[in-house]
1. How many residues does the range 77-130 contain that are in a loop (DSSP other than H, G, I, E, B) and under 22 Å from N52 (Cβ atoms)?
2. Could you check how many residues of the range 102-121 are in contact with a Phe, Trp or Tyr (Cβ under 6 Å, 6 or more places away or on another chain) and β-branched (V, I, T)?
3. For the structure I just gave you, tell me whether D66 is among the charged types (D, E, K, R), more than 14 Å from S34 (Cα to Cα) and not in a strand (DSSP E or B).
4. Here's a check for you: in the range 50-63, which residue that is assigned to a loop (DSSP other than H, G, I, E, B) and among the aliphatic types (A, V, I, L, M) is nearest to Q105 (Cα to Cα)?
5. Out of everything in the range 36-74 that is among the small types (G, A, S) and more than 20 Å from the chain's Cα centre (by Cα), what residue ends up being surrounded by the fewest Cβ atoms within 10 Å (Cβ to Cβ)?
6. Take the residues of the range 100-128 that are without any contact (Cβ under 8 Å) to a residue 24 or more places away in the chain and under 20 Å from the mean Cα position of the chain (by Cα): which is surrounded by the most Cβ atoms within 10 Å (Cβ to Cβ)?
7. Taking the criterion of being more than 21 Å from V39 (Cβ to Cβ) and either in contact with a strand residue (DSSP E or B) (Cβ under 7 Å, 6 or more places away or on another chain) or modelled with pLDDT of 95 or more (or both), would at least one residue in the range 92-115 satisfy it?
Amino acid sequence: MEGNNYGTPKAANLSENDLSSLACVVPTVTLTPSVELTVAEDKKSASFSVKNISAYLKLSYELTYDSYDQTKGALGSGVDISGKTDFSREIDLATCSNEICTYDQNVHNFTIKITLEDTDAKQTILQQSL
């Protein structure tokens with residue numbers, strides 16, 4: 001016998017055990033980002049968490065809610081999320097001045113809008129309302 005030809009004499013080895021000529025393809029799985037909004041039981045804060053964001057570089061958010069007959073909210077922009085798989089933030093539902101905060105009353109109609117930006121500046125928008 002010569003070399004690695006252990007199959008049929010004077011023929012190429014077609015053994016199922018010879019994997020040297022097979023290509024290995026590993027699929028790329030991209031998880032879809034998601035957002036979850038929660039409001040504290042005492043309604044003094046709202047929190048959001050965004051998952052599956054590893055494909056994105058920047059995050060912006062806009063939380064809006066009603067307090068009696070006024071729409072109020074909180075904004076954040078250009079948050080660096082490079083290398084992160086998730087991000088969360090808690091926001092007080094209050095108006096503050098000189099380190100004195102007055103919590104908003106009768107809060108309802110919450111909406112969080114998340115804008116994710118990838119390496120090509122393409123934006124993905126997520127939204128949830130309560």
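The values are calculated or read from the model by the stated rules, or taken from the named source; none is laboratory data. Note that the structure is predicted; figures quoted are calculated from it, not measured. A quick note on method: Cβ atoms are made from the backbone with ideal geometry, for glycine too, and the neighbour counts reach across all protein chains shown.
1. Going through the range 77-130 one residue at a time, the tally reaches 10.
2. 3
3. Spelling it out, it is not the case that D66 is among the charged types (D, E, K, R), more than 14 Å from S34 (Cα to Cα) and not in a strand (DSSP E or B).
4. In this case the residue turns out to be I53.
5. The residue in question is A40.
6. Q123
7. First pass over the range 92-115, keeping only residues more than 21 Å from V39 (Cβ to Cβ): 97-100, 115.
Within this subset, residues satisfying the condition of being either in contact with a strand residue (DSSP E or B) (Cβ under 7 Å, 6 or more places away or on another chain) or modelled with pLDDT of 95 or more (or both) are 115.
Yes, the range 92-115 has at least one match.
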